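One structure is given below, encoded as structure tokens.
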Amino acid sequence: MQIRTETQTPAETGALGARLASFLRPGDIINLSGDLGAGKTRFVQGLAEGLGIRGQVTSPTYAIIKEYRGGAMPLYHFDVYRLDRLMDLIDLGYEDYFFGDGATVVEWGDKFKEVFPSSALTLELIRHDATDKRDLTFVFSDIRWQAVVEAALR
Amino acid sequence: MLILGVETSCDETSASVVEDGAIVRSNVISSQVEFHRPYGGVVPEVASRKHLELINPVIEESLAEAGVGFEDIGAVAVTIGPGLIGALLVGLAAAKAIAYTLDVPLIGVNHLEAHIRANFLEDPALRPPLVALLVSGGHTILAVMDESGRLTTLGETLDDAAGEAYDKIARFLGLAYPGGPEIDRLAALGDAKKVILPRAMIDRDDYAFSLSGLKTAVLNYVSKLEKQGQEIPLNDLAAGFQAAVIDVQVAKTMRAAKEYGVKNIVLAGGVAANAGLRAALKEAADEKGIKLNAPTLELCTDNAAMIASLGYEYLKEGKTIDMTANSDANLPLSS
């Protein structure tokens with residue numbers, strides 16, 4: 001199943017993340033796909049804001065995994081841009097995060113589709129040439145996400 | 001006292017012997033940049049595997065160069081964070097084993113603080129208070145050090161780190177890895193006025209940085225020209241990008257120096273090697289009668305001498321760690 005929408009500014013992408021966050025549950029996993037500059041980190045900043053996490057969410061490209069606590073639940077922010085092999089992700093102990101006590105969001109998750117359970121939500125962000133507009137497509141098979149995404153878009 | 005420093009937070013395996021926190025007896029840096037080049041960035045698993053292969057030879061080399069043996073070492077200082085967790089753990093495990101075997105103190109050092117420390121190692125006359133601009137692959141932080149040496153973070157990047165922005169843009173433009181030196185090199189050949197890019201947050205009266213918007217501006221600029229079938233003026237684009245990054249960093253650093261009334265500014269971190277940044281900050285500092293310190297290349301990049309040197313200060317304060325200590329990938333500069 002898919003739900004499409006669009007945002008006009010980075011702030012709107014963040015705000016959508018913040019609204020979606022209020023429906024998250026521990027164990028939820030979101031795969032973010034989209035090119036450089038598509039707004040992936042901006043969306044995660046919104047999620048953190050929506051969970052009531054203080055402190056700045058920054059790009060995890062260098063650290064691969066960043067953990068944010070102090071909100072409604074822990075938020076685990078992955079960026080697998082620089083990982084090439086599934087073994088790398090296993091070495092990093094991804095399962096402890098995916099099936100842990102918080103919500104996990106993975107930038108560039110498409111590189112390792114096999115690790116995502118069928119209950120995961122995928123969000124594709126597409127950048128348009130020389131504008132701030134982004135096409136967003138939510139892809140999921142778990143029916144629960146339909147209600148969540150629709151509520152977040154309201 | 002001789003302190004053995006061990007640093008494995010990212011892509012460098014490094015070991016160093018430093019005497020009394022001040023005299024660098026050896027500083028062995030086994031640069032892995034050559035190894036990472038085909039991947040267009042630091043590949044973490046590769047990094048930790050290479051650290052494992054290199055850690056013992058690098059430590060042995062650092063002792064040999066210093067002309068000492070394990071029995072001469074009085075304490076072991078090791079980076080405990082921030083960095084890549086798998087890479088950090090290799091250094092910590094090695095340091096624990098050595099400290100345990102020799103029965104000497106083990107010191108866990110903050111990598112970011114050590115970068116700032118590199119300036120004191122190079123210039124023993126340097127005294128706080130000072131403002132520090134720490135720019136690297138994973139960090140962009142402006143901090144103030146008070147007279148007692150205590151660091152307070154004034155602001156940092158809200159999204160991408162400076163070195164990360166350089167690497168991502170370089171990769172996007174198909175330039176050689178590492179991206180920073182390559183953009184720095186091209187920028188010197190180009191005209192920044194020909195490609196004007198946004199100076200994010202330059203007018204905000206805080207010390208935060210943002211590089212994500214600049215990254216997007218470069219992408220938009222390139223795709224616009226491509227659509228028009230025009231060639232990308234790489235040198236001018238590199239110059240325009242670099243000027244946009246540097247202008248904001250210089251403006252905020254100078255503002256912090258004024259607000260805190262300091263007469264010293266220090267650059268730290270791998271991006272401190274950037275010639276454009278050094279020149280621009282030096283010019284602005286000179287104008288205000290402020291002294292700028294910037295470490296030589298060897299002490300800018302990740303290295304164990306800065307770890308051993310700061311470790312000596314920690315030891316004087318009794319800040320040691322025990323065998324149960326863990327690495328902290330997200331350790332902040334100041335809490």
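The values are calculated or read from the model by the stated rules, or taken from the named source; none is laboratory data. Bear in mind the structure is a predicted one, so any value in this text is a computation, not a measurement. Using ideal geometry, Cβ is built from the backbone for each residue, glycine included, and neighbour counts are taken over all protein chains shown. Note: accessible area is taken over every heavy atom of the protein model, side chains too, but ligands, DNA and RNA are not part of it. Shrake-Rupley method; radii C 1.70, N 1.55, O 1.52, S 1.80 Å.
Quick look at the values:
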quantity	calculated
Label-to-label distance, nm, for residues given as residue B:316 and residue A:153 (7 Å Cα→Cβ offset)	6.3 nm
Interface residues in the range B:214-234 - accessible area drops by 20 Å² or more relative to the isolated chain, probe 1.4 Å	B:215, B:216, B:219, B:220, B:223, B:227
Where the range B:128-294 is the region considered: accessible area per residue in Å², 1.4 Å probe	41 Å²
Principal-axis tilt of helix B:275-287 within chain B, Cα atoms, nearest 10 degrees	90 degrees
For residue B:331, distant residues with modelled amide H under 5 Å away	B:83
Apportionment of accessible area to carbon and sulfur, the protein assembly as shown, percent (1.4 Å)	51 percent
Relative contact order [Cα under 8 Å, 6+ residues apart], the range B:128-294, whole percent	28 percent
For the range B:81-95, 3J(HN,Hα) per residue [Karplus equation, 6.51 cos²θ - 1.76 cosθ + 1.60, θ = phi - 60°, Hz, x = Gly/Pro]	x, x, x, 7, 4, x, 6, 4, 4, 5, x, 5, 4, 5, 5
Vicinal HN-Hα couplings computed from phi for the range B:102-110 (Karplus, 6.51 cos²θ - 1.76 cosθ + 1.60; Hz; Gly/Pro x)	7, 6, 10, x, 10, 10, x, 10, 6
Percentage relative contact order, the range B:49-99, counting C-alpha pairs under 8 Å, at least six apart	42 percent
Proximal charge balance of residue B:260 [Cβ under 15 Å; K/R count +1, D/E count -1]	+3
Interface size A-B, as summed buried accessible area [1.4 Å probe, Å², nearest 100]	2300 Å²
Cα gyration tensor, the range B:235-321 - rounded (a/c under 1.5), prolate or oblate	oblate
Under 5 Å, built H, 5+ apart or other chain: amide partners of residue B:157	B:140, B:209
Three-way shape call for chain A based on the alpha-carbon gyration tensor, with the a/c threshold at 1.5	rounded
Within 10 Å of each Cβ in A:60-69, the average number of Cβ atoms from other chains	6
Sequence-separation-based contact order of chain B, relative, with Cα cut under 8 Å and 6+ spacing, percent	25 percent
Neighbouring partner chain Cβ atoms per residue of B:5-14, average, 10 Å criterion	0
Karplus-derived 3J(HN,Hα), 6.51/-1.76/1.60, for each residue of the range A:62-76, Hz, glycine and proline x	6, 8, 6, 10, 10, 10, 10, 10, x, x, 4, 7, x, 10, 10
Listed pairs B:50/B:96; A:66/B:316; B:194/B:252; B:96/B:319; B:96/B:316 exceeding 21 Å between Cα atoms	A:66/B:316; B:194/B:252
Between 0 and 90°, nearest 10: helix B:111-122 axis offset from chain B longest Cα axis	80 degrees
Mean Cβ neighbour count within 10 Å, used as a protection proxy, ranking B:258-268, B:73-83, A:141-151 highest first	B:73-83, B:258-268, A:141-151
Charge sum, other residues only, whose C-beta stays under 9 Å from residue A:133's C-beta, Lys/Arg counted +1 and Asp/Glu -1	-1
Test item: B:278-284 mean partner chain Cβ contacts at 10 Å	0
In degrees, nearest ten, helix B:212-227 long axis to first principal axis of chain B (Cα)	40 degrees
Per residue solvent-accessible surface (Å²) - chain A, probe of 1.4 Å	42 Å²
Cβ-defined net charge surrounding residue B:201, 12 Å radius [Lys, Arg +1; Asp, Glu -1]	-2
Under 5 Å, built H, 5+ apart or other chain: amide partners of residue A:38	none
